[in-house]
Amino acid sequence: MQKQECDVLVIGGGPAGSTIAALLARQGRRVVLLEKDHHPRFHIGESLLPGNVELFERLGVREQVEKIGMPKFGIEFVPPDHDERSYVDFSEGWDPSKDSAWQVRRSELDELLFRNAAKTGALAIEGAKVRQVSFDDTGASVQATLEDGTKSDWRARFVVDASGRDTVLATKFKAKKKNPDHNSTALFGHFRNARRLPGKREGNISICWFEHGWFWFIPLADGTTSVGAVCWAYYLKARDKPLKDYFFDTIALCPELHDRLKEATLVDDAVHATGNFSYASTHATGDRYLLVGDAFTFIDPMFSSGVFLAMQSAFDGAELVATALDRPEQLPAARRAVEKRMRAGPRDYSWFIYRVTNPTIRDMFMHPKNTFKVKQGLMSLLAADLRHGLPYRLSLLMFKVVYYVVSLKNWRRTYEGWKRHRFNLRDMGLLKGETIIRADAETN
C-alpha cells in the first residue's frame, strides 16, 4: 500500500492531541490526527482549572466549553476527623481575574476539542489504532489499523505522541519509569440527586480525606455528580465483595460524603475501577518526535491538573514542532526549553500531592494563612496560574519552609506520617494488573 504523506502525525485524540493538531493545522501544516476510539467516549478527569480558560480562548472554543460546563470557583476541603470545613477560592491567587473554571463531562469536552481540530484543518480519523512507528533520518513511517482490519500507512516528517496512558513512544523507547513515591487505585461512579454545596459554591469540587485515601465530589451541569475514591493499593487488594458493594462501603467511611449521597442514585448502576500508577518518561522530545500530556507523564489527579498540563504541553509542543520543521538549527535549544517547562508543572503539583495525606499539610490546607504570601502561591498553583516568575516561586518556597518548620516542631507526628506513607506504598503485586482488570470486567 502506498504511504500517505503529512507534515505531522498525532497519535491520540484527547485534549493534548486535539489541541496540538488544531494549533499545527492553523499554521497551514498537513496534520493527521489518529484516535483509536470513537467520540464521544468515556473518560474520567472532569474538573478543569482557571488556567484552562486562557487556553480555550486561544483555541477559540471558550464559549463552547462554557455551554457544557458547571461553573467552579474554588475548592472545599473536608477533613477525616472533625466537622470543620475549609473553603478556598481561585481568586485568592496572584491573579484575581483567574477566578473560575468549569466541571465538564470529559466525553463532551474531548469530542468538542477533536471536532475543533478537524474544523481547523487537521485530518481527524477515529477508529484508527497505531501499531507501529519507525523513525529514520528524514521522518517516520506510521502504521495504523482501522476498525475493519484495513491497514493505513503514513509517512510523516514529525510525530506527536498524545496517546495518553497507552504511552506509545515511551513504551517503544523503554523511557517510561514508574514513580516509586505513589501507588494508588481509584473507584468511581456518577450519582443523581446528590446534595451539593449551596449558592455560588454549588459547582466547587470537594476533596474529602478518609482513612485509606481521599474522595473527589464533582458536580456536573446535567445534574449528575462524579464521585470517586483514590485509595492506596492495599485497600482495593483487600476487596472481598462485588465492586459496587465495596464502593458503597468505602463511601460510608466518610460521614460527610455518605450524608450527601443518602438520597442519591447511582447512574446506570455502574462503578468503575482503575489503576492510578504515576509515572514519567525519561525525555519528552526527539529530533522528529514529541510526547505530550499523559503520554509523557501522569500524576495523581487530586488537584485536577491533568487537562491543563495536557493542553499546556500541546501549546508548548506546537512551537517546538514548528521549530523542528522550519528552523532545525534552533531545535536543540528549543528541546531543552520544552523539556524544562514540561517538567515544571508536574513537579510543583507532585510535591504537594505526595505529602497531602501528611497531617501537617492537611492542617495547612484546612487553615490557610497568607504569611509570606504562601496562600497566594498555593491558590495560584491550584488555579494553574503558574507563570508569575519570582514572586510565585518565592511564595511556594516559603510554603515549603513553613511546612518543614512545622514538621520538625511536631517531629513525632511527622515520623508516624512518614511510616504510614511508606507502608501504604508497598508493592501489592497482583493489584497492578489482574485485580484492576477483574474489577473493570465486573462493571462491563
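Here the residues K3, K409, ranked from fewest to most Cβ neighbours within 10 Å of their Cβ, fall in the order K409, K3.
Fewest neighbouring Cβ atoms within 10 Å first, the residues H190, H43, H82 line up as H82, H43, H190.
Evaluating 6.51 cos²θ - 1.76 cosθ + 1.60 at θ = phi - 60° for every residue in the range 295-307, the Karplus couplings come out as 5, 9, 8, 9, 10, 3, x, 4, 9, 6, 8, x, 5 Hz, glycine and proline recorded as x. Close amide-amide hydrogen proximity is noted between A124 and L33, each under 5 Å apart and 5 or more residues distant or on a separate chain (H modeled in the peptide plane; Pro and chain starts excluded). Remark on Q132: its backbone amide H falls under 5 Å from those of Q143, a criterion applied only to residues 5 or more positions apart or on other chains, H modelled at 1.01 Å from N.
Taking all Cα-Cα distances within the range 163-219, those exceeding 14 Å account for 72%. Around the amide H of E5, modelled in the peptide plane, lie the amide H atoms of R155, all under 5 Å away and 5 or more residues distant in sequence or on another chain. For the chain, the dipole from Cβ point charges (+1 on Lys and Arg, -1 on Asp and Glu) about the Cα centre works out to 1280 debye, to the nearest 20. Angle of helix 331-353 to the longest C-alpha principal axis of the chain, folded into 0 to 90 degrees and rounded to 10: 20°. The candidate values are [x] 66, 50, 42; [y] 79, 53, 35; [z] 69, 44, 41; the one derived from this structure for Cα extents along the principal axes in Å carries the label [x]. Taken along the Cα-to-beta-carbon direction at a fixed 7 Å, the label points for K151 and E5 span 2.2 nm.
Projecting the Cα atoms of A156, G127, N204 onto the dipole axis of the chain, where Lys and Arg carry +1 and Asp and Glu carry -1 at the beta carbon, places A156 farthest toward the positive end.
The phi-based Karplus calculation (6.51 cos²θ - 1.76 cosθ + 1.60; θ = phi - 60°) puts the 3J(HN,Hα) values of the range 196-207 at 9, 5, x, x, 4, 7, 4, x, 5, 6, 10, 10 Hz, whole numbers, x for Gly and Pro. The protection proxy used here, the mean number of other Cβ atoms lying within 10 Å of each residue, ranks peptides 8-16, 113-121 as follows, highest first: 8-16, 113-121.
Taking the number of Cβ atoms within 10 Å of each Cβ as an exposure proxy, the fewest-first ranking of V267, V130 is V267, V130. Over the Cα atoms of the range 181-283, each weighted equally, I'd like the Debye log10 I(q)/I(0) at q = 0.12, 0.19, 0.20 Å⁻¹, rounded to two decimals. Evaluating at q = 0.12, 0.19, 0.20 Å⁻¹ gives log10 I(q)/I(0) of -0.41, -0.93, -1.02. Using +1 at the Cβ of each Lys and Arg and -1 at the Cβ of each Asp and Glu in the chain, identify which of H43, A144, L386 lies farthest towards the dipole's positive end. Looking along the dipole axis, the top candidate is L386.
Backbone geometry of the range 159-164 corresponds, through the Karplus equation with coefficients 6.51, -1.76 and 1.60 at θ = phi - 60°, to 3J(HN,Hα) couplings of 10, 10, 8, 10, 7, x Hz, x marking Gly and Pro. In this structure, the pairs whose alpha-carbon distance is over 31 Å, taken from K174/K340; K72/K262; K340/K400; K174/K237; K176/K373; K98/K369, are K176/K373. Counting only DSSP beta bridges with both residues in the chain, the antiparallel share comes to about 70 percent.
All of the numbers you see were taken from the coordinates with simple rules; none came from a lab. Quantities reported herein were computed from a predicted structural model and do not represent experimental measurements. As a convention, Cβ positions derive from the backbone with ideal geometry for all residues, glycine included, and neighbour counts pool all protein chains shown.
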